[in-house]
1. Return the only residue of ILE362, ILE324 being of a type in the set (A, V, I, L, M), at pLDDT 85 or above and either more than 24 Å from the chain's Cα centre (by Cα) or not assigned by the TED database to the domain that holds PHE185 (or both).
2. Within the stretch 189-226, take every residue that is at pLDDT 85 or above and hydroxyl-bearing (Ser, Thr, Tyr) and give me the one that is surrounded by the fewest Cβ atoms within 10 Å (Cβ to Cβ).
3. Taking only the stretch 168-221 into account, find how many residues are of a type in the set (Asp, Glu) and without any contact (Cβ under 8 Å) to a residue 60 or more places away in the chain.
4. Among the listed residues ALA134, ALA171, which satisfies the condition of being open to solvent by less than 30 Å² (accessible area, probe 1.4 Å), at pLDDT 85 or above and assigned to a helix (DSSP H, G or I)?
5. For the stretch 192-205, which positions are more than 11 Å from TYR394 (Cβ to Cβ) and among the small types (Gly, Ala, Ser)?
6. Is it fair to say SER442 is crowded, with 24+ Cβ neighbours inside 10 Å and either modelled with pLDDT under 90 or over 21 Å from ASN306 (Cβ atoms) (or both)?
7. Filter the stretch 139-158 down to the residues that are polar (S, T, N, Q) and touching a residue at least 12 places away in the same chain (Cβ under 8 Å) and list them by number.
8. Which residue, of ILE390, ILE367, ILE385, is in the same structural domain as GLN445 (by the TED database), of a type in the set (A, V, I, L, M, F, W, C), under 14 Å from the mean Cα position of the chain (by Cα) and at pLDDT 90 or above?
Amino acid sequence: MFNSRVSYSSPQDDVPTGREGREAQSSVLRDKIPARLVLYFLSWSGFLVSFMMRNDMNFALVAMISNDNSTQNQSLNKSQQILGTGTDDQKTIVKSVVISSFYWCYVLSQVVGGVATELFGTKCVFGWSQLATALCSFMMPSAAQLHYIAVIVLRSIQGFASGLTWPAMYAIVGYWIPLTERSRFMSSFQGFSIGIGLTYPLCGFILSEWGWPYIFYTTGTLGLGWCILWYFLAFNTPREHPRITKDELNYIELNVRKEVNSSVKVKVPWLQIFKSIPAWAIAITTFGRIFVHYIFIVNGPTFMGNVLKFNFETNGFLSGVPFICSYISSVLFCYIADKIVLYKVLSLTNVRKLFTALSQIIPGVLIYCIGYIDNVYILLTVWFIAVIFITASYAGAMANIIDLAPNYGHSAAVLAFCQTIHMSASFISPLTAGFIVTQEDSIDQWRRVFEVSAIISILTYLIYQIFGTAEIQTWNKGLPVNDDSDEGKVLSTAKDDLDNTAGPI
């Protein structure tokens, strides 16, 4: 198998040794890691940590308020003294307000995120928003000891800061990611699924071993650690990156839009975005998808604990596993979508509509069925499949946002507009469930929640099927710019065939 004759050569003078040699080897290793792959990891891990800091409250609040479970009474008496006084109705109100307070400010900060990203860039906006959220997590136990109003204030700050992250990351995609890789990169946003999937079992374990304050200390520490990585590794554009290879830089600049490369500042056409029917179609259909998704995310643990009668640790595991699986499915959906676009099996518009249908029609039908399934194993299987298919949206309507406005960083503004509308479902969904479900162990009341969710999911998709498109909007192409190399030229963003010779991220 191997050649037995081995020849030896003397060391050459130009071969680096010692420290220089180690630095050269390190440089070679860095060159083998694409900067786009690093950005993917930062995006993936950023949303993972962001959603851990967002959803830790869903589980911790059970211990901070509940005093019904005997096991909790023995180990969590201190926490019950903080938020456990009052009647059951009062506790329910406090719980609903604490959870929804995050999403009120989250919705309000979407447009602010688009404007801030336009002014300061993704690195600044995403980084500072994560830092603020992490610091609030550290302060949460002290705030709970002070008064639940203090918890609401911190959650509101976290919601506002977290709302800035999505517009910021969407803006950077247009500068870094070629069209034929865009769906795959969008799967990095599904890091939030892993975040949710890890949060629930981790919270169950921490509650059992140390108590709820350590939930916030843990997620806050993870948030601060991520901020350090982001500070050293993230850059707004490829040309700002000090370690990117020339080959990768050339590949990106050849395959992204010319308008993006020119880095020309063009005022955000907010009025045109507001009047854009395709943008409204994305916002409306995604409202339906998020409505269903948040039934699983926010109300799922309550359903499993009160109807299916699972304990903390089992509840945490079963609530979290579907979201870990959904990340894998999102990568698969986005990979398939990219291949369909690459080989032109379907038009880009039809690809977006196909995967949006998978993310809303199938979960809509399945969540309706959940209310009528008596076998717990079949119910959990249907539950898992529904959560998994929801992630197809990231190859559908969510990726469609960048299709409409890939130039001049305007995708962040489109996302801010859409998020302001569709993220209202993030608090309307749990409030609707809370209004319908007055007895948390009543399957009849939960059945009505599932029926309402199914109707909203399917009807909102029909709007997208009729009005959705992947065509670049007129207000985002053909804009006159003053460029030193080509003064007065009108840059056109007609959908030219891109160079597909380079490999994937």
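The values are calculated or read from the model by the stated rules, or taken from the named source; none is laboratory data. All of these numbers come straight from a predicted model, not from anything done at the bench. Cβ atoms come from the backbone with ideal geometry, glycine included; neighbour counts cover every protein chain shown. Areas reflect the complete protein model, heavy atoms only, side chains present, ligands, DNA and RNA absent. Shrake-Rupley method; radii C 1.70, N 1.55, O 1.52, S 1.80 Å.
1. After applying the criteria, what remains is ILE362.
2. Taking the candidates together, the pick is THR221.
3. 1
4. Working: ALA171 fails: at pLDDT 85 or above.
When all the criteria are applied, what remains is ALA134.
5. Of everything in the stretch 192-205, those that are more than 11 Å from TYR394 (Cβ to Cβ) and among the small types (Gly, Ala, Ser) turn out to be GLY195, GLY197, GLY204.
6. The answer is no for SER442.
7. If the condition is that a residue be polar (S, T, N, Q) and touching a residue at least 12 places away in the same chain (Cβ under 8 Å), then GLN145, SER156, GLN158 are the ones that fit.
8. Checking each option against the conditions leaves just ILE390.
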